[in-house]
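Visitor: Have a look at the structure that comes next, please.
Readers should treat all values here as calculations from the given coordinates under stated rules, not as data from a laboratory. Since we're looking at a predicted model, the values are computed, not measured. Using ideal geometry, Cβ is built from the backbone for each residue, glycine included, and neighbour counts are taken over all protein chains shown.
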């Protein structure tokens, strides 16, 4: 990205603490959608395709983990999913998600720490654009698995450049070995921005909770 949007993204990626990251997103929140979509950012919409492939609308509530400004919920609502909750650590992003609509409940929480949900609450948890440089850690998947019901799904994209360095491979393997989940899909790498930054790719993973 270039110009002001590039500067905003640089502040996000250079954040070293959750407080710095929240401040970076707070300053970018009102221009975030315009900036990212102008760069061809498809992930909030692409994730709906993975959800609809594996989860039926009547299976139970969904959680958008790292919902940001809430772009995914209206798309899923159009596909018949009516029970959608969202969480994000940025109050500014959550305010925009609330105004956009589509979520029955929004919660401020930080991925990588204990989440305020009971075990097995959700039929599916999905997360996109969150497991990237300087953002949520691989350890967050322990909690995402915990709050997903048996037979439910955890669906997430991970930026390819941090899959190994961020420790995602061993966390995924550990959860498989512990019989917490089984992997049912791993997409080919695909672009996170369809217009700009062709070098930035992500992979989507789908796990079924045991």
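Visitor: At R0 = 41 Å, how high is the FRET efficiency between residue 199 and residue 178 if r is their beta carbon distance? Nearest 0.05 is fine.
Guide: Calculated transfer efficiency: 0.75.
Visitor: Which of the three applies to the range 52-180, rounded, prolate or oblate, going by the alpha-carbon gyration tensor with a ≥ b ≥ c and a/c under 1.5 meaning rounded?
Guide: Verdict is oblate for the range 52-180.
Visitor: When the helices in the chain are scored as -39500 (n - 2.57) per DSSP H run of 4 or longer and the sum is shared across all residues, what 222 nm value do you end up with, to the nearest 500 deg cm²/dmol?
Guide: -11500 deg cm²/dmol
Visitor: Oh, and also: Antiparallel DSSP bridges in the range 53-210: what percent, to the nearest 5?
Guide: Taking every DSSP beta bridge within the range 53-210, about 45 percent pair in antiparallel fashion.
Visitor: Taking neighbour Cβ counts within 10 Å as the exposure measure, how do 147, 162 sort from fewest upward?
Guide: Lowest count first: 162, 147.
Visitor: Give, in nm to one decimal, the length gained when the segment between residue 77 and residue 100 is fully stretched (0.36 nm per residue of separation minus the Cα-Cα distance).
Guide: 7.1 nm
Visitor: When the convex hull of the C-alpha atoms of the range 106-210 is computed, what volume per residue in Å³ does it have?
Guide: Cα convex hull per residue, to the nearest whole number: 107 Å³.
Visitor: Moving on. From the mean inverse distance of alpha carbon pairs (Kirkwood) and the Cα radius of gyration, derive Rg over Rh for the range 61-125.
Guide: 0.94
Visitor: Test of understanding: ordering 149, 210 by Cβ neighbours within 10 Å, fewest first, what list do you get?
Guide: 210, 149
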